[in-house]
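Derivation of every value follows stated rules applied to the coordinates shown; laboratory data play no part. The model shown is predicted, which means the values in this text are computed figures rather than measured ones. Glycine also receives a Cβ, built like all others from the backbone with ideal geometry; neighbour counts cover every protein chain displayed.
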Amino acid sequence: MKKISFALISLLILSASLKAQNIAITDNDGYTAHSSAMLDVYSTNKGLLIPRLTSSQRNSISNPETSLMVFDVEVGSYFYWSGSIWKEVGT
């Protein structure tokens, strides 16, 4: 019974702390994610790599979520899903 109680309490504490966290992806062990960000990507010498697809692959994504972003390697440009069509960023 003590083992079960300890396990339940540990699980509750762990789940509460996980729910309150945001995520930092970084190569700096001392960096913590900004509290207003769900995902914080930080580096002083690397970038963010958006998924790279052909136009056909981009157009074959079934049921894309509004604001989904990809880089079209054939066009050489970023596109996002507006909710009804793919729109090129910056046009």
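I want to confirm something. Restricting to the range 54-72 and keeping residues that are closer than 17 Å to Ser82 by Cβ and outside any loop (DSSP other than H, G, I, E, B), which single residue is nearest to the chain's Cα centre (by Cα)? So that I can check it myself, show each step before the final result.
First, pick out the residues of the range 54-72 that are closer than 17 Å to Ser82 by Cβ: 55, 58-59, 61-72.
Then keep just the ones that are outside any loop (DSSP other than H, G, I, E, B); that gives 55, 58-59, 69-72.
Details: Ser55: 22, Arg58: 18, Asn59: 21, Met69: 11, Val70: 13, Phe71: 16, Asp72: 19 Å.
Applying the filter and picking the extreme gives Met69.
Is it the case, given these coordinates, that Ser35 is free of Cβ contacts under 8 Å to residues at least 12 places away in the same chain and of a type in the set (S, T, N, Q)?
Details: free of Cβ contacts under 8 Å to residues at least 12 places away in the same chain: no; of a type in the set (S, T, N, Q): yes.
It is false that Ser35 is free of Cβ contacts under 8 Å to residues at least 12 places away in the same chain and of a type in the set (S, T, N, Q).
In the range 39-69, which residues are farther than 24 Å from Asp27 by Cα and of a type in the set (Val, Ile, Thr)?
Correct list: Thr54, Ile61, Thr66.
Quickly run through the range 35-91 and pick out the residues that are aliphatic (A, V, I, L, M), surrounded by 10 or more Cβ atoms within 10 Å (Cβ to Cβ) and farther than 22 Å from Asn22 by Cα.
Hits for the range 35-91 are Leu53, Ile61, Val70, Val73, Val75, Val89.
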